[in-house]
Every structure is written in structure tokens, then in C-alpha cells.
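Trainee: The structure under discussion is supplied below as C-alpha cells; questions concerning it will follow.
The values are calculated or read from the model by the stated rules, or taken from the named source; none is laboratory data. Just so we're clear, the structure is a prediction, and the values are computed from it rather than from any experiment. Quick reminder, even Gly has a Cβ in these numbers, built from the backbone with ideal geometry, and neighbours come from all protein chains shown.
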Amino acid sequence: MTDQNFLTKEGLEKLKKELDELRTVKRKEIAERVQQAKEFGDLSENAEYSEAKNEQSFIEGRILEIENILKNVTIFKEGTKSDTVRVGSTVTVSGNGGTKSYTIVGSNEANPAEGRISNQSPLGLGFLNKRVGDAVEVMTPKGKIHYSIENIS
């Protein structure tokens, strides 16, 4: 079974742009660096060569990662009205001494500092499919936290 990758339209475009940059610019740059490093001589003791090969491996790995994400992508619209919390919903919750809003996004676009949490995170999983008024108990590294769903938009 393959995992679905949820992205906004903007997130999809950002990944496509990154993939294009990696394929057309970064691959060429790193291939040139590898070639230059080879010219320094003995590859077994050539730090420049080792560093360039490591960077090349990283770039190729990132290309494969993005290609795999794009193979299983599901586009969603943020802020689409729903009675239940789902990917794309902004949910306002009370609990833990205050009220906070989170937008549920795919893991590739999560940024907790901006209130964008992954649908695969403990909070995201706890909020998914809940309705206004539902009580939610989420296990976090700090222990169980209780929330109440106040609003879904």
C-alpha cells in the first residue's frame, strides 16, 4: 500500500520547481564539481571528491524523494467548509490553558511554528474526522492533552 501525499496547489508547484532546479541546475553543478575533484588525484584521500560525491548522493536522493511524493499526490484546497476536520481544514481548539488554531496539511507542508500541522502528527491524527464540540485526547511527548473542537473552517 502506498501513502497518499497531501499537498496544496502551491505546495505542488513548489515541489515541481524544486525538482526542476535539482534536475537541470544542481545535477550539472555537482557533476562538474565531481569531475574537478577527480583531477586532484588519488581519490582515496581526496576530501573534495568525497564531499562532492556525498552532495551528489544527497541531490539524487532528494530527486527520488520528490518523484515518489509526486507519484502519490492528492491536491486539496485549504479552508474548504466541512462538518468534520480533514486535510485542508483549519480547526480551532481549546485546551491546555488556551485556544489555538491549526491548519491540517500533508506532512510535506507542515510547519508547526506557523500552525500548519501534519495529518500524520499526533495532533493531526487526533483532530481528523472530529466535529465541533467533540472532545479529543492526544498523546504527546509531554503526556496526554485534552482538547475540545471549537470551530472548523
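Trainee: Residue by residue through the stretch 29-53, note down the ones that are surrounded by 10 or more Cβ atoms within 10 Å (Cβ to Cβ), part of a helix (DSSP H, G or I) and not hydrophobic (A, V, I, L, M, F, W, C). So that I can check it myself, show each step before the final result.
Mentor: Step one: list which residues in the stretch 29-53 are surrounded by 10 or more Cβ atoms within 10 Å (Cβ to Cβ), which gives 29-38, 40-41, 43, 46, 48-53.
Now drop any that are not part of a helix (DSSP H, G or I), which leaves 29-38, 43, 48-53.
If the condition is that a residue be surrounded by 10 or more Cβ atoms within 10 Å (Cβ to Cβ), part of a helix (DSSP H, G or I) and not hydrophobic (A, V, I, L, M, F, W, C), then E29, E32, R33, Q35, Q36, K38, E48, Y49, S50, E51, K53 are the ones that fit.
Trainee: Within the group S89, S153, S121, which residue is under 18 Å from L7 (Cα atoms), within 15 Å of the chain's Cα centre (by Cα) and among the hydroxyl-bearing types (S, T, Y)?
Mentor: On the way: S89 fails: within 15 Å of the chain's Cα centre (by Cα); S153 fails: within 15 Å of the chain's Cα centre (by Cα).
Going through S89, S153, S121 in turn, the sole match is S121.
Trainee: Which members of the stretch 127-142 meet the condition of being crowded, with 18+ Cβ neighbours inside 10 Å and modelled with pLDDT under 95? Please lay out each step first, then the result.
Mentor: If we filter the stretch 127-142 for residues that are crowded, with 18+ Cβ neighbours inside 10 Å, which is where we start, we get 127, 130, 136, 138.
V138 - this is the single residue of the stretch 127-142 that is crowded, with 18+ Cβ neighbours inside 10 Å and modelled with pLDDT under 95.
Trainee: Right, next: Considering (1) at pLDDT 95 or above; (2) surrounded by 17 or more Cβ atoms within 10 Å (Cβ to Cβ); (3) more than 25 Å from the chain's Cα centre (by Cα), say which one Q56 fails and leave the rest.
Mentor: Q56 satisfies all of (1) at pLDDT 95 or above; (2) surrounded by 17 or more Cβ atoms within 10 Å (Cβ to Cβ); (3) more than 25 Å from the chain's Cα centre (by Cα) except (3).
Trainee: Using the structure shown, decide if G61 is of a type outside the set (V, I, T), free of Cβ contacts under 8 Å to residues at least 24 places away in the same chain, in the same structural domain as E10 (by TED's automatic domain parsing) and not in a strand (DSSP E or B). Step through it out loud before you land on a result.
Mentor: Working: of a type outside the set (V, I, T): yes; free of Cβ contacts under 8 Å to residues at least 24 places away in the same chain: yes; in the same structural domain as E10 (by TED's automatic domain parsing): yes; not in a strand (DSSP E or B): yes.
In short, yes.
Trainee: From the list I69, I104, I145, I117, exactly one residue is crowded, with 16+ Cβ neighbours inside 10 Å, touching a residue at least 12 places away in the same chain (Cβ under 8 Å) and in the same structural domain as T24 (by TED's automatic domain parsing). Which is it?
Mentor: Of I69, I104, I145, I117, the one residue that is crowded, with 16+ Cβ neighbours inside 10 Å, touching a residue at least 12 places away in the same chain (Cβ under 8 Å) and in the same structural domain as T24 (by TED's automatic domain parsing) is I69.
Trainee: Checking the structure you have, find out if any residue of the stretch 61-78 is modelled with pLDDT of 95 or more and of a type in the set (D, E).
Mentor: Yes, some residue in the stretch 61-78 is modelled with pLDDT of 95 or more and of a type in the set (D, E).
Trainee: Considering only residues of the stretch 1-36 that are of a type in the set (K, R) and farther than 16 Å from E51 by Cα, which is farthest from the chain's Cα centre (by Cα)?
Mentor: Pass one, the stretch 1-36, residues of a type in the set (K, R): 9, 14, 16-17, 23, 26-28, 33.
If we keep only those that are farther than 16 Å from E51 by Cα too, we end up with 9, 14, 16-17, 23.
Details: K9: 14, K14: 12, K16: 14, K17: 15, R23: 20 Å.
Step by step, filter the stretch 1-36, then rank; the result is R23.
Trainee: Right, next: Would you check which residues across the stretch 76-92 are in contact with a Phe, Trp or Tyr (Cβ under 6 Å, 6 or more places away or on another chain) and either among the polar types (S, T, N, Q) or in a loop (DSSP other than H, G, I, E, B) (or both) and list them? Working first, answer last.
Mentor: Restricting attention to the stretch 76-92, the residues satisfying the condition of being in contact with a Phe, Trp or Tyr (Cβ under 6 Å, 6 or more places away or on another chain) are 76, 85, 87-88, 91.
Within the stretch 76-92, F76, V85, V87, G88 meet the criteria.
Conditions tested, residue by residue: (1) under 30 Å from E137 (Cα atoms); (2) touching a His at 6+ places or on another chain (Cβ under 7 Å); (3) of a type in the set (G, A, S).
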| residue | (1), (2), (3) |
| --- | --- |
| K38 | no, no, no |
| G41 | no, no, yes |
| A47 | no, no, yes |
| V73 | yes, no, no |
| T80 | yes, no, no |
| T99 | yes, no, no |
| A110 | yes, no, yes |
| R116 | yes, no, no |
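Trainee: How many residues does the stretch 11-42 contain that are within 20 Å of N68 (Cβ to Cβ) and free of Cβ contacts under 8 Å to residues at least 24 places away in the same chain? If you could, list the steps in order and put the result at the bottom.
Mentor: We begin by selecting, within the stretch 11-42, every residue within 20 Å of N68 (Cβ to Cβ); these are 11-24, 26-27.
Pick out the ones that are also free of Cβ contacts under 8 Å to residues at least 24 places away in the same chain and you get 13-14, 17, 20-21, 24.
Count: 6.
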